[in-house]
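**Student:** One structure, pasted below without further comment.
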Amino acid sequence: MKELFASPARESDGHEKWLDFAARFWHCECVGGLSLNAFTEVYRKWCKRSGYYCVGAGEIHALSRQCAAVMPKNNTTKSLITLAVAQVNAVAVSLAAAAREMKRHAESLPEYPVVLAFRGVGKILGPQLIAEIGDVRRFTKKSSLVCFAGLEPTDNQSGKFQGDEKISKKGSPHLRKALFQVMDCLLQHSPTGDPIYRLLDRKPGYPRVIRASNPMTSGQAAA
């Protein structure tokens, strides 16, 4: 069901449309038990009341008709679903509040517009990068920052064996994760005019490997 809702989480409270939808239409029969016209009208009113765009009513209704319910439509099932949604939304509200506070602090820094000008960096990753790097003036050379992130290459050899170079991973794992997410976002949008993307695109299989190994995309069905 989540694939039918492409809207991002709301900045105000962090709620996602598919979760709020599940709280209102907690069983497939809540949708499939109605005619398409009846569901479309109910869905339209719910979207207006909840502050979401009213799109995809036909696809949602068709999916509900194809579903085979594994739990009965009763009060117990409703309680389980709505409680689970409330718990996830409670975490989302806390995360949204933390993100707003991070953004507020980051906007007061002179480097904020510079960081946001990088492709793949948005309002969430920008403050994360600033927080993890700290005062960039403490790094006298570019290589010092690379070493701090644990991205400097190391030899991979033993005796006569000579393997490919690997990164050291001795630096900040949180900074590496943030940088990884920036590169993943860059590769997903594929801006052909960006010099960094063109460099990665010339490496055989590199974009494919990045996407396949990203725990944030392969492990989840996440500004």
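Since every read-out is calculated from the coordinates, none of them should be taken as a lab result. These figures come from a predicted structure and were not determined experimentally. FYI the Cβ positions are ideal-geometry reconstructions off the backbone, even for glycines, and counts take in every protein chain you see.
**Student:** Need the full-extension length gain, Val88 to Thr140, defined as separation in residues times 0.36 nm minus the C-alpha distance. One decimal, nm.
**Tutor:** 14.4 nm
**Student:** Looking at Ser64, Gly122, Ala98, which one has the Cα that reaches farthest to the positive end of the dipole of segment 1-122 (charges on Cβ: Lys, Arg +1; Asp, Glu -1)?
**Tutor:** With unit charges placed on the Cβ atoms, the residue in question is Ser64.
**Student:** Among rounded, prolate and oblate, which fits the chain when a ≥ b ≥ c are the square roots of the eigenvalues of its C-alpha gyration tensor, a/c under 1.5 means rounded, and a/b larger than b/c means prolate? Mind showing how you got there, number by number?
**Tutor:** Values: a/c = 2.52, a/b = 1.92, b/c = 1.31.
Prolate.
**Student:** Pairs of alpha-carbon atoms within less than 8 angstrom and 6+ residues apart define the contacts here; what relative contact order does segment 2-98 have, in percent?
**Tutor:** Once normalised by length, the contact order is 42 percent.
**Student:** Given the C-alpha atoms of segment 2-98, compute the convex hull and give its volume per residue in Å³.
**Tutor:** 96 Å³
**Student:** So between Leu63 and Phe180, what do we pick up on full extension, going 0.36 nm a residue minus the alpha carbon distance? Could you put the intermediate results ahead of the total?
**Tutor:** On the way: separation 117, 0.36 × 117 = 42.12 nm, distance 3.45 nm.
Here the answer is 38.7 nm.
**Student:** Let me ask something else. Tell me, which cysteines of the chain are without a disulfide-compatible partner by the Cβ under 4.7 Å rule?
**Tutor:** When partners are defined as cysteine Cβ atoms under 4.7 Å apart, the chain leaves Cys30, Cys147, Cys185 without one.
**Student:** Tell me, in nm to one decimal, what length is gained between Glu11 and Asn75 on full extension, where the rule is 0.36 nm per residue of separation less the Cα-Cα distance?
**Tutor:** 19.9 nm
**Student:** Quick one: the Cα spread of segment 96-148 along its three principal axes, in angstroms, biggest first?
**Tutor:** 34, 20, 18
**Student:** Semi-axes, largest first, in whole Å: what does sqrt of 5 times each Cα gyration tensor eigenvalue give for segment 55-158?
**Tutor:** On the way: eigenvalues 399, 89, 48 Å².
The three semi-axes for segment 55-158 are 45, 21, 16 Å.
**Student:** Roughly how many debye, to the nearest 20, is the charge dipole of the chain about its Cα centre, given +1 on each Lys and Arg Cβ, -1 on each Asp and Glu Cβ, and no other charges? Before the final figure, lay out the partial values.
**Tutor:** Values: 31 positive and 20 negative charges, 14 e Å.
The calculated dipole for the chain is roughly 60 debye.
**Student:** Something else about it: Once you charge only the Cβ atoms, +1 for Lys and Arg and -1 for Asp and Glu, what is the size of the charge dipole of segment 2-98 about its Cα centre, to the nearest 20 debye?
**Tutor:** Approximately 260 debye in magnitude.
**Student:** Per residue of segment 88-98, what does 6.51 cos²θ - 1.76 cosθ + 1.60 with θ = phi - 60° give for ³J(HN,Hα)? Whole Hz please, x for Gly and Pro, Karplus curve as stated.
**Tutor:** 5, 5, 5, 5, 4, 4, 5, 5, 5, 5, 5
**Student:** Right, next: List the residues whose amide H sits under 5 Å from the amide H of Phe5, counting only those 5 or more places along or on another chain, with H placed 1.01 Å from N in the peptide plane.
**Tutor:** Amide H neighbours of Phe5, under 5 Å, 5+ apart: none.
**Student:** Moving on. Set Lys and Arg Cβ to +1 and Asp and Glu Cβ to -1, take the dipole of segment 2-98 about its Cα centre, and tell me which of Val88, Asn75, Val55 lies farthest positive.
**Tutor:** Working it through, the farthest residue towards the positive pole turns out to be Asn75.
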